[in-house]
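Student: Got a structure for you, questions after.
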Number of protein chains: 2
Amino acid sequence: MPRKANQNASRAATLHDVAGKVGVSAITVSRALNSPDLVSEKLREQILAAVDELGYVPNRSARTLVSSRSHTVAVLIPSLSNTVFIDTLAGINEVLDPKGYQILIGNTAYDDEKEERLLRAYLSHAPDGVLLTGTRQRPEMRQRLARLGIPAVHMMELDPSNERFCVGFSQDEAGRQITRHLLDRGYKRIAFFGARLDPRVMQRLDGYRKALQAAGCYAPELEYLNPRPSRIGMGVEMLEVLRQEHPDCDAVFCCNDDLALGVLTGCHRTGIKVPEQLAVAGFNDLEGAAWAMPTLTSVRTPRYKVGFEAASLLLGLMEGQTPAQKQLDLGFELRLRGSS
Amino acid sequence: MPRKANQNASRAATLHDVAGKVGVSAITVSRALNSPDLVSEKLREQILAAVDELGYVPNRSARTLVSSRSHTVAVLIPSLSNTVFIDTLAGINEVLDPKGYQILIGNTAYDDEKEERLLRAYLSHAPDGVLLTGTRQRPEMRQRLARLGIPAVHMMELDPSNERFCVGFSQDEAGRQITRHLLDRGYKRIAFFGARLDPRVMQRLDGYRKALQAAGCYAPELEYLNPRPSRIGMGVEMLEVLRQEHPDCDAVFCCNDDLALGVLTGCHRTGIKVPEQLAVAGFNDLEGAAWAMPTLTSVRTPRYKVGFEAASLLLGLMEGQTPAQKQLDLGFELRLRGSS
DNA sequence: CTGAAAGCGCTTACAG
DNA sequence: CTGAAAGCGCTTACAG
């Protein structure tokens, strides 16, 4: 029997509605739901039955307001269309979802200012913790989070200054090692194709430079950098320019697999033999890399694990723990295939 | 001068803190922020300055609790690793973000029960509206939303019964037309490769069957259905089986581009000429389709627009409007390329 | 244009 | 094991 018969929408059932139905106080219902051991079994069963019958769903806002725990974590990533971050998100979700945390996904579009705006906006949700991509956030934002007691973990990169909590791997070292691999195979005129030019791409470029400089093969004119988002088509176009300007180039390290797949496509269309005439290496080792023709040499990055471990670390911080170390280096793996 | 000097975290500034600083009441601050015209310019400026200085961020929980508008929309999609839904999400975001809505993304993993669980859990956020994928939700869930006055819009499919608000296109008709295209090209033994077997794939299959039956070419043994998630590798494997079991098959319609790309790869590896020996068609027209070798015939689906229009429709419903029609058919386009 | 009162739905101490 | 009191930070009417 409804207490009030609205013609359209009726308001949602509250704790009091459940309490009234069972004949106990609201607080007992709250306990039955949140700390079942504190309530007698008999009552608990009655309450659960009433909850079910009324379709009662706790109101998060009320809970958050009074308990000052929102059970919410804000996650800021640069892109949703990049598999890398989707995999990271999956790892985060794996950890946080079972613990009852709601994840707020913020897409920064690789824009530092938008990231800051989003972070500020997310403060209105009083998140219990924050997961950030990279380490380029301004110190003011970090201080603000610290003042509010909101822990933050940075993903993908490491922090040499050891000031922030970071879970990732050395982008720089990964770039160095894959370039070193090309050198070891005998290639000397090795180009770099970079798109988007976010901090991680620039770190891979740094590694590329280090390897070539150490080998005495560094040639700045072989660096092709384009700030726009990477697409397969961009790889095709960059290859055209490269062949025109530097036909003697014998290998290309692409900052990601999309670009590399484009290079492979371009080579196929124009009859360039891979790796005989041109070796190609990508980065991230997405699904397509192993199925490309020829199969694509790449760097396997632990993005699922980055998400998983970052969320785990954050979980500890949110529970007030002090972790043993601030940096978690998850490494990477070279995947050497047919294209090199 | 902080009122209380906590050693660690200090609590966030409240409306009262801002009000106290300026010397007005909290409600005036609230108005300065939410309905600026109702406050004198002088006061408004002072208040905004104080807000800035204190780093005040409104508490959403309090606002939601008292206003019974959460400015939150729950979006349930089957997968985050499928570009289709990422594009849809982008369209949704384009509409809802500027209006100040927070989007809660729920990944149902193509699981009806998980979808229902998520939807129930999201009720605790008191969403102002809900965006769902497909139309397979149980009537009970719809009734529950209706009772709570929460509008819902379904994406990707249409609803022949016209009971629900839907923005999408006819999956069935798209499957029929692409199959019809293959028939028109002269292919007769046309196989269907299906993965995941979610409702939309099954509708495409229906369309495939209709086209073949109408042409008198339907052969059930040419349907290859695998409930597991589609991967490029699955396309390769399915092709192997097909060639073994039905070497006379002259064309394949794949339920999505990943599978089709796998078929293309398999053909390349085993020397099957496309389209001379085997024509291939995919679905969705992802970026890779236009770059495949040969280029892949596919069906261009309006997923960004589905998100955009679904969000727009929901926006209207949340504001109490009654839209002219419940179904919005956004159509699709055949992209005929080298593989057929 | 500004404010005092009331209350949204919960949980946190504090009692018993 | 159960409950009465207080209050989280806001906004909604209602006054003036």
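Student: Of all DSSP beta bridges in chain A, what percent run antiparallel (nearest 5)?
Tutor: The antiparallel fraction comes to roughly 10 percent.
Student: A further question on this structure: Note down the magnitude of the dipole of region A:15-58 about its Cα centre, charges +1 on Lys and Arg C-beta and -1 on Asp and Glu C-beta and zero elsewhere, to the nearest 20 debye.
Tutor: My answer is approximately 120 debye.
Student: In region A:286-313, what residues drop by 20 Å² or more in accessible surface going from the chain by itself to the full protein assembly, probe 1.4 Å?
Tutor: Residues losing area: A:E287, A:W291, A:M293.
Student: While we're on this one: Determine the shielding of peptide B:49-61 by partner chains: average, over its residues, the number of Cβ atoms on other chains within 10 angstrom of each Cβ.
Tutor: Partner Cβ neighbours, averaged per residue: 4.
Student: Further, regarding this structure: Once you have the alpha carbon radius of gyration of the protein assembly as shown, what is it after dividing by 2.2 N^0.38 Å, with N set to its residue count?
Tutor: Normalised Rg, Cα atoms only: 1.07.
Student: Dividing the alpha-carbon Rg of region A:1-145 by 2.2 N^0.38 Å yields what?
Tutor: Ratio of Rg to 2.2 N^0.38 Å for region A:1-145: 1.39.
Student: To continue, here is another question. Taking each residue of B:213-223 in turn, how many C-beta atoms of other protein chains fall within 10 Å of its C-beta, and what is the average?
Tutor: 0
Student: Quick check of the Kirkwood formula: for chain A, what is the inverse mean of 1/r over all pairs of different Cα atoms, in Å?
Tutor: Evaluated over chain A, this radius sits at 22.9 Å.
Student: Note down the magnitude of the dipole of chain A about its Cα centre, charges +1 on Lys and Arg C-beta and -1 on Asp and Glu C-beta and zero elsewhere, to the nearest 20 debye.
Tutor: Dipole of chain A, to the nearest 20 debye: 760 debye.
Student: Moving to a separate point now. Any idea how far apart B:E41 and B:V241 come out in nm if each label point goes 7 Å out from Cα toward Cβ?
Tutor: 7.4 nm
Student: Between B:E333 and B:N34, how many nm apart are label points set 7 Å from Cα along the C-beta direction?
Tutor: A separation of 4.5 nm, rounded to one decimal place.
Student: Pull up all non-local amide H partners of A:R335: gap of 5 or more, or a different chain, and H-to-H distance under 5 Å with H placed in the peptide plane.
Tutor: A:S298, A:V299, A:R300
Student: Among B:I105, B:T28, B:L123, which residue has its Cα furthest toward the positive end of the charge dipole of chain B, with +1 on Lys/Arg Cβ and -1 on Asp/Glu Cβ?
Tutor: B:T28
Student: When DSSP assigns beta bridges and you keep just the ones with both residues in the protein assembly as shown, what percent turn out antiparallel, to the nearest 5?
Tutor: Percent antiparallel among DSSP bridges in the protein assembly as shown is about 10.
Student: Please give the FRET efficiency for B:S10 paired with A:Q325, using the beta carbon to beta carbon distance and R0 = 30 Å, rounded to the nearest 0.05.
Tutor: After rounding, the FRET efficiency stands at 0.60.
Student: Okay, next question. How many partner chain Cβ atoms sit within 10 Å of a residue's Cβ in peptide A:21-34, on average, as a whole number?
Tutor: Per residue, the number of nearby Cβ atoms from other chains is 0 on average.
Student: Further question: How large is the Kirkwood hydrodynamic radius of region A:171-299, in angstrom, based on all distinct alpha carbon pairs?
Tutor: For region A:171-299, the Kirkwood estimate is 14.0 Å.
Student: Treating only the Cβ of Lys, Arg, Asp and Glu as charged (+1, +1, -1, -1), what charge dipole size does region B:72-223 show about its Cα centre? Round to the nearest 20 debye.
Tutor: Once rounded to the nearest 20, the dipole reads 300 debye.
Student: Taking the full set of protein chains and a 1.4 angstrom probe, give the accessible area of A:L183 in square angstrom, rounded to the nearest 10.
Tutor: Surface open to solvent at A:L183 totals about 20 Å².
Student: How big is the accessible area of A:Y304 in square angstrom, nearest 10, if you roll a 1.4 angstrom probe over the protein chains?
Tutor: About 100 Å², rounded to the nearest 10.
Student: Now for a separate question. Take B:S35, A:S340 and sort them by solvent-accessible surface of the protein heavy atoms, 1.4 Å probe, largest at the top.
Tutor: B:S35, A:S340
Student: Just by accessible area at a 1.4 angstrom probe, what is the order of A:H16, A:H181, B:H268 from largest to smallest?
Tutor: Ranked from most to least accessible, the order is A:H16, B:H268, A:H181.
Student: Using helices alone, I'd like the mean residue ellipticity at 222 nm for chain B: each DSSP H run of four-plus residues gives -39500 (n - 2.57), total over residue count, nearest 500.
Tutor: -14000 deg cm²/dmol
Student: List the pairs from A:K188/A:K273; A:K188/A:K305; B:K99/B:K305; A:K305/B:K99; B:K273/B:K305; A:K42/B:K114 whose alpha-carbon separation is above 24 Å, in the order I gave them.
Tutor: A:K188/A:K305; A:K305/B:K99; B:K273/B:K305; A:K42/B:K114
Student: Residues of the protein assembly as shown: accessible area per residue at 1.4 Å, in Å²?
Tutor: Accessible area per residue, the protein assembly as shown: 45 Å².
Student: Taking just the alpha-carbon atoms of region A:15-58, what radius of gyration and Dmax come out, in angstrom?
Tutor: Every Cα atom of region A:15-58 included, Rg and Dmax give 8.8, 23 Å.
Student: Using packing as a proxy for protection, rank B:193-201, A:226-234, B:253-261 so that the peptide with the highest average count of other Cβ atoms within 10 Å comes first.
Tutor: Highest mean packing first, the order is B:253-261, B:193-201, A:226-234.
Student: Now for a different question. Hey, which residue of B has the C-beta nearest the axis mapping B onto A, and what's the distance in Å?
Tutor: B:S61, 2
The values are calculated or read from the model by the stated rules, or taken from the named source; none is laboratory data. Model, not experiment: these values are computed from the prediction. Note that each Cβ is placed from the backbone with ideal geometry, even for glycine, and that neighbours are counted across all protein chains shown. Ligands, DNA and RNA are excluded from the accessible area calculation, which covers all protein heavy atoms including side chains. Shrake-Rupley method; radii C 1.70, N 1.55, O 1.52, S 1.80 Å.
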